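Below is one structure, written out as structure tokens; the observations come after it.
The values are calculated or read from the model by the stated rules, or taken from the named source; none is laboratory data. As the structure is a prediction and not an experimental result, all values here were calculated from the model. Counting neighbours? That spans all protein chains shown, and the Cβs are built from the backbone with ideal geometry, glycine included.
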Amino acid sequence: MPTLLQKPLTAFAFGELYKSSQRARLRIFAENSPLEMKDHLKARGYRSSDGSDGRPKSWWIEVDEEALDNELGYLRSEIYRYPDADPPISRLTAFDRFRA
């Protein structure tokens, strides 16, 4: 009888999970974004942080490294409306994201 790990779909799923754990994610903080833009940020998938957990008090989103330029372009053109805006960015590994 095959074990769970010998099944092709399970092996594929674990392989994808492993590959995903090897890639870093970037957390972008939309600090000091205008209050009237909160609905736009929320609709795009940003989450709100009240600052109580040590993160900046701001809206934030996690993206793959490949999506960084696109997200910064969105913030600069649609939210801040300032081409040189430089929001804080944290690089997160699987160890950072899932530590207790």
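The residue of segment 48-57 that is modelled with the highest pLDDT, among those that are under 16 Å from L35 (Cα atoms) and surrounded by 11 or more Cβ atoms within 10 Å (Cβ to Cβ), is S48. Picking from residues in segment 58-80 that are surrounded by 12 or more Cβ atoms within 10 Å (Cβ to Cβ), of a type outside the set (A, V, I, L, M) and within 24 Å of A24 (Cβ to Cβ), the one that is modelled with the lowest pLDDT is D64. Picking from residues in segment 39-60 that are under 19 Å from L72 (Cβ atoms) and assigned to a strand (DSSP E or B), the one that is nearest to the chain's Cα centre (by Cα) is W60.
Within segment 61-82, track down each residue that is charged (D, E, K, R), assigned to a helix (DSSP H, G or I) and within 26 Å of R23 (Cβ to Cβ). Hits for segment 61-82 are E65, E66, D69, E71, R76. Just checking, how many residues over segment 72-100 are out of contact with any Leu (no Cβ under 8 Å at 6 or more places or on another chain), over 16 Å from N32 (Cα atoms) and touching a residue at least 12 places away in the same chain (Cβ under 8 Å)? Count: 3. Does A100 count as at pLDDT below 95, surrounded by 10 or more Cβ atoms within 10 Å (Cβ to Cβ) and over 12 Å from the mean Cα position of the chain (by Cα)? So A100 fails the test. Hey, could you check segment 18-38 for residues that are surrounded by fewer than 10 Cβ atoms within 10 Å (Cβ to Cβ) and farther than 30 Å from E78 by Cα and say which is modelled with the lowest pLDDT? Within segment 18-38, the match that is modelled with the lowest pLDDT is Q22.
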